[in-house]
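Heads up: the structure comes next, in structure tokens.
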């Protein structure tokens with residue numbers, strides 16, 4: 001059975017935590033590029049990242065806690081995107097469980113979520 005070491009998975013999660021310094025609430029499905037994340041952004045916040053731990057059902061995870069902020073545009077939040085604005089880099093995207101309509105000026109109330117990298121499965 002294939003197996004990735006915890007150290008390898010933790011390094012990948014550390015990369016995300018170090019490089020995704022801004023979290024955008026996006027109005028379309030998961031954006032495929034930095035430009036798409038920024039152009040569909042309804043607002044952005046600075047996330048904080050928890051320590052790496054055991055993932056479910058396998059692998060490793062880090063909990064992402066979105067910071068406080070307000071929406072800068074009205075629309076429906078469909079995904080969040082972790083980006084690095086300095087390098088114009090899309091680091092990760094996560095679809096929201098339930099879309100939510102928001103208005104410009106509303107307080108951003110994004111729930112914490114887990115970035116999980118699962119162990120590979122046999123083919």
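A few notes on this one:
- Annotation for segment 3-22: no member residue is on the phi > 0 side of the Ramachandran plot and not in a helix (DSSP H, G or I).
- The number of residues in segment 85-95 being in contact with a strand residue (DSSP E or B) (Cβ under 6 Å, 6 or more places away or on another chain) and either surrounded by 14 or more Cβ atoms within 10 Å (Cβ to Cβ) or more than 15 Å from residue 24 (Cα to Cα) (or both) comes to 5.
- Taking each residue of segment 30-42 that is surrounded by 14 or more Cβ atoms within 10 Å (Cβ to Cβ) and looking for partners that are part of a helix (DSSP H, G or I) with beta-carbon atoms closer than 6 Å, six or more apart or interchain, yields 31/37.
- Considering the conditions (1) over 24 Å from residue 9 (Cα atoms); (2) modelled with pLDDT of 95 or more; (3) surrounded by fewer than 19 Cβ atoms within 10 Å (Cβ to Cβ), residue 75 is excluded by exactly one of them, (3).
- Residues in segment 48-59 that are assigned to a strand (DSSP E or B) and within 15 Å of the chain's Cα centre (by Cα) were compared, and the one that is surrounded by the fewest Cβ atoms within 10 Å (Cβ to Cβ) is 48.
- Residues satisfying the stated conditions in segment 99-113, i.e. within 23 Å of residue 61 (Cα to Cα) and surrounded by 15 or more Cβ atoms within 10 Å (Cβ to Cβ): 110, 113
- Criterion applied to 78, 122 was being part of a loop (DSSP other than H, G, I, E, B), out of contact with any helix residue (DSSP H, G or I) (no Cβ under 9 Å at 6 or more places or on another chain) and in contact (Cβ under 8 Å) with a residue 24 or more places away in the chain, and the one residue passing it is 122.
- Any hit, segment 6-13, residues being within 23 Å of residue 98 (Cα to Cα) and either crowded, with 19+ Cβ neighbours inside 10 Å or more than 13 Å from the chain's Cα centre (by Cα) (or both): no
- Taken over segment 12-25, residues that are more than 11 Å from residue 82 (Cβ to Cβ) and in contact with a strand residue (DSSP E or B) (Cβ under 7 Å, 6 or more places away or on another chain) amount to 3.
The values are calculated or read from the model by the stated rules, or taken from the named source; none is laboratory data. All figures in this text were calculated on a predicted structure; none of them were measured in a lab. Methodologically, a virtual Cβ is constructed for each residue, glycine included, from the backbone with ideal geometry; neighbour enumeration extends over all protein chains shown.
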